[in-house]
Amino acid sequence: MKKARLEIDQKKYDLNICEGTEGELGLDISTLREETGLIALDEGYQNTGSCKSAITFIDGENGILRYRGIPIEELAEKATFIETAYLLIFGKLPNKEELSKLSRLLTENSLINEEMLHFFDGIPPNAPPMAILSSMVNALSIYYPTFSEEDFFSITFELIVVRLLSKVRTLAAYSYKNSIGEPFVYPRHDLKYSENFLHMMFHSPVKPYKLNPDLVRALELLLILHADHEQNCSTSTVRLVGSSKVNLYTSICAGICALWGPLHGGANQQVIEMLDEIQQKGLSVKEVLQKAKTKDDDFVLYGFGHRVYKNYDPRANILKKTIEDLVKKITIDEPLVDIAMELEHAAMQDQYFIENNLYPNVDFYSGILYKAIGIPEDMFSVIFAIGRLPGWIAQWKEMYDTVPFKIGRPRQIYTGRKVRSYIPLEERE
Ligand code: ACO
């Protein structure tokens with residue numbers, strides 16, 4: 001095993017270096033505090049590995065993303081979302097029997113307990129869909145039994161997986177129907193995963209919804225591209241919350257909350273709002289870039305930059321190509337597409353964006369596709385959450401299986417006041 005030597009006050013310490021299957025190296029500092037009294041400080045976890053994981057590989061310098069070893073480009077072209085979910089969660093592509101069993105279980109578990117539907121009665125019409133979704137997913141632990149450690153390896157885990165994959169889709173569609181004051185549309189047994197979601201979202205008794213295969217495929221693609229992305233903010237949240245051994249529904253609820261933020265999954269909505277604003281106010285691309293570069297302006301160019309990708313995000317590449325192909329077949333908001341392409345082109349020539357390695361990320365183009373499918377802007381992150389579910393589940397299970405098991409508990413460097421006495425109220429200034 002490779003070692004690294006650390007010297008503090010002329011005293012030398014040897015630390016282990018671990019190596020991943022793709023050759024990436026990590027300094028194992030788990031014994032650092034014990035041996036030296038020091039902790040490792042890395043605000044924002046910019047260079048801290050929180051776990052070893054066999055699920056997703058990213059090479060940010062070379063724009064590579066693979067799920068369980070399979071390049072994202074191949075999955076995007078050939079796989080379904082359900083196959084991808086199986087691959088992430090169970091570590092292998094399903095064979096025919098496994099896939100048909102999974103499809104059957106997804107259908108059988110797509111309904112929501114009718115009692116639980118009363119939750120929707122108290123939700124005001126303009127409630128944020130991510131707030132509804134996270135609350136409802138947590139509420140699943142009220143209506144559907146969770147499991148204890150003893151039955152973890154039994155059928156129960158599989159059942160909880162299908163419940164989550166299937167019911168979250170139903171809940172997401174119901175959140176939308178609730179927000180527009182329309183009756184819920186129940187899932188259909190004869191439709192596939194994405195078809196069923198679009199049916200529940202857009203069908204109404206007075207206006208039947210006709211499925212368009214191009215849009216169904218576009219949704220499948222979006223879900224596949226979002227399915228996992230190793231230790232991002234929401235996934236790390238799922239792992240951390242789950243490490244207290246709370247149930248999977250609640251851990252996923254925490255992940256949805258983390259995903260909601262505009263610096264993470266909420267960025268796709270911000271991108272569309274930004275493109276709309278550029279269009280409506282007639283702003284020039286130059287003005288927008290200037291605003292993004294001005295340090296005392298807190299505006300950032302949403303859909304650009306990434307903690308890990310310092311080269312093109314491969315998911316953005318796939319989405320851009322899909323949009324270029326779809327424009328020829330269906331109605332897409334073309335002025336918005338033009339502005340996005342123009343913005344990307346200008347940013348790629350701009351010194352600031354070049355120097356800071358700021359390339360379009362997955363959220364830059366996903367909003368345009370969501371819009372083309374007919375998804376309203378405040379539902380974008382909800383679709384992202386449906387897509388990210390398999391990743392959260394897979395990462396949660398991997399965390400749960402880790403031996404020796406450790407609750408997630410970072411340390412800190414305290415920078416507050418030194419010890420002092422309590423001052424009675426009457427003596428305070
Ligand atoms: N627009 C303008 N400036 C930016 C942007 C941006 N989109 N992104 C980063 N920068 C700046 C940073 O402020 C930083 O400047 P500084 O060195 O003067 O402080 C510099 O570029 C380098 O930034 P990084 O360290 O590479 O960024 P970090 O890893 O901390 O943050 C993040 C990554 C949050 C994604 C950031 O790029 C950002 O805010 N982007 C816009 C929001 C967005 O699109 N989020 C979606 C990410 S993908 C996903 O979650 C699915």
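A few remarks follow.
- Residues in region 247-262 that are of a type in the set (G, A, S) and within 15 Å of H229 (Cα to Cα) were compared, and the one that is farthest from the ligand (Cβ to nearest atom) is G255.
- Subset of region 87-125 [more than 24 Å from the chain's Cα centre (by Cα) and among the small types (G, A, S)]: S100, G122
- Helices (runs of 4 or more DSSP H) wholly inside region 146-254 that include at least 1 residues being over 24 Å from P128 (Cβ atoms) and among the acidic types (D, E): 155-179, 193-202, 213-226
- Candidates V300, V288, filtered to the one that is outside any helix (DSSP H, G or I), within 14 Å of the ligand (Cβ to nearest atom), without any contact (Cβ under 8 Å) to a residue 60 or more places away in the chain and not assigned by TED's automatic domain parsing to the domain that holds L240: V300
- Which listed residue is within 21 Å of E398 (Cβ to Cβ), free of Cβ contacts under 8 Å to residues at least 40 places away in the same chain, of a type outside the set (V, I, T) and outside any strand (DSSP E or B), from E34, E83: E83
- Failed condition for S234, given (1) of a type outside the set (D, E, K, R); (2) surrounded by 18 or more Cβ atoms within 10 Å (Cβ to Cβ); (3) more than 23 Å from I330 (Cβ to Cβ); (4) at pLDDT below 95: (4)
- If the condition is being closer than 18 Å to Y312 by Cα and either at pLDDT below 90 or more than 26 Å from the chain's Cα centre (by Cα) (or both), then region 335-350 contributes E342, H345, A346, Q349, D350.
- Every residue from region 342-400 that is among the aromatic types (F, W, Y) and more than 20 Å from L326 (Cβ to Cβ): Y352, F353, Y359, W392, W396, Y400
- Screening E429 on (1) in a loop (DSSP other than H, G, I, E, B); (2) under 20 Å from K245 (Cβ atoms) shows it passes everything except condition (2).
- Of the residues making up region 42-80, just one is assigned to a helix (DSSP H, G or I), surrounded by 14 or more Cβ atoms within 10 Å (Cβ to Cβ) and among the small types (G, A, S), namely A76.
- Listing of helices (runs of 4 or more DSSP H) fully contained in region 338-403 that carry 1 or more residues being surrounded by fewer than 15 Cβ atoms within 10 Å (Cβ to Cβ) and not aromatic (F, W, Y): 351-355, 380-401
- Test: residue in region 263-281 that is touching a Pro at 6+ places or on another chain (Cβ under 6 Å), near the ligand (Cβ under 10 Å from one of its atoms), at pLDDT 90 or above and within 21 Å of E220 (Cα to Cα): no
The values are calculated or read from the model by the stated rules, or taken from the named source; none is laboratory data. All figures in this text were calculated on a predicted structure; none of them were measured in a lab. A quick note on method: Cβ atoms are made from the backbone with ideal geometry, for glycine too, and the neighbour counts reach across all protein chains shown.
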